[in-house]
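Structure first, commentary second.
The values are calculated or read from the model by the stated rules, or taken from the named source; none is laboratory data. Given the structure is predicted, the values throughout are model-derived calculations rather than measurements. Ideal geometry is used to build each Cβ from the backbone, glycine not excepted, and the neighbour counts take in all protein chains shown. What goes into the accessible areas is simple: the full protein's heavy atoms, side chains included, and nothing from ligands, DNA or RNA. Shrake-Rupley method; radii C 1.70, N 1.55, O 1.52, S 1.80 Å.
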Amino acid sequence: MQPLELNDPAAFAAEFLRQTQLQGFGALSRRDMELLVFVLLERDGAIDRNASNHAAAQQLRVTPAKLRALRRDGYARWRQLVAEPADAALRRILGNVLASANLRAGSRHVSERSRKDGFLAVRVEHPDDRQLFEQAILDAGALPVYERNREVLAVRFDTLVALAERSGFLQPDTEAVVKELRRLAPGSEELADLLKKDVAKLRWEDARNALNSLGAKAVSTSAEGAVKALLKLVFPFLP
């Protein structure tokens, strides 16, 4: 097992000393100190925030249950040390949960019925990230839906589109979206219906509806390539 190595030892030490002095030397409880060290380890990157609870627990030689508690309580206690804008946090979380490997793994944890209804299964192990993601879903006008594993969320494709619109990741440029949909699904019924209308008079709602329909169909048929291409259109920052 590789020992933990700090990426920036000087910054880690400076922040640790600053916080212990701000609180008053010796005023922090053992638990507060433990949580402070943990949050600083994740902030430094010595522990990858996107790492699974199991992998991070192995690094610290603790149980996954203890690791989950460290993540949950640590960010509740020392959130000010890892503060980031809401959109930046959401971009980071989505970049991880919608990565190809994670989507592939998530697809094994969603029921056939959910898949037919256009639900993607995404796994968010970090308790703080899961809380942020759940709130983003609520802000987009939807509700978090859980599979059997509490760490697995089932998210409808149209919810992801709404989330992208709300966060500014998807710009409502009707012409550009229709052009990309034509490239991605040239023979689709949804696109054929869309193009029956005068292109000059197409509304953003028309493009969104076609995108939602294509996304739901791709998810329900387990068309991995189509799902990835459509998600890339919704979230351009995805690799």
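Using the Cβ-Cβ distance between H54 and R77 with R0 set to 25 Å, the FRET efficiency works out to roughly 0.60. Between S107 and E205, the contour length at 0.36 nm per residue exceeds the alpha carbon distance by 32.4 nm.
Surface exposure of the chain, expressed per residue as accessible area with a 1.4 Å probe, stands at 54 Å². Summary of the geometry: region 79-128 and region 136-180, compared by the centres of their Cα atoms, lie 11 Å apart. With K and R counted +1 and D and E -1, the other residues having a Cβ less than 11 Å from that of G45 yield a net charge of -3. Extension gain for the segment E84 to Q171, taken as residue separation times 0.36 nm less the Cα-Cα distance, is 29.1 nm to one decimal.
When the Cα positions of L17, P64, A51 are compared along the charge dipole of region 1-89, P64 comes out farthest toward the positive end, with charges on each C-beta of Lys, Arg, Asp and Glu.
Normalised radius of gyration (Cα atoms, divided by 2.2 N^0.38 Å) for region 154-216: 1.07. Here the 3J(HN,Hα) profile of region 226-239, calculated from phi with Karplus coefficients 6.51, -1.76 and 1.60 at θ = phi - 60°, is 5, 4, 4, 5, 5, 5, 5, 5, 6, 10, x, 7, 5, x Hz, Gly and Pro shown as x. Dividing the C-alpha radius of gyration of the chain by 2.2 N^0.38 Å, with N its residue count, gives 1.20.
With the simple spin-label model, which puts each label point 7 Å out from Cα in the Cβ direction, the Q23 to R92 separation comes to 2.1 nm. Ellipsoid semi-axes for region 34-170, based on the Cα gyration tensor and the rule √(5λ), read 26, 18, 12 Å when sorted largest first.
The 3J(HN,Hα) values that the Karplus relation (6.51, -1.76, 1.60; θ = phi - 60°) gives for region 142-152 are, in residue order, 10, 10, x, 10, 9, 8, 4, 7, 4, 7, 9 Hz. Gly and Pro appear as x.
Given the pairs K66/K228; K66/K116; K66/K232; K197/K228; K196/K217, which span a C-alpha to C-alpha distance of over 29 angstrom in this model? Going by Cα-Cα distance, K66/K228; K66/K116; K66/K232 fall outside the 29 Å limit. The gain in end-to-end length when the S222 to E34 segment is fully stretched comes to 63.3 nm, 0.36 nm per residue minus the alpha carbon separation. Our note on the geometry: Cα centres of region 1-40 and region 185-239, 48 Å apart. Report note on the peptides 69-75, 86-92, 171-177: ranked by the mean count of other C-beta atoms within 10 Å, highest first, their order is 69-75, 86-92, 171-177. Note on the chain: with neighbouring protein chains present and a 1.4 Å probe, carbon and sulfur make up 52 percent of its accessible heavy-atom surface.
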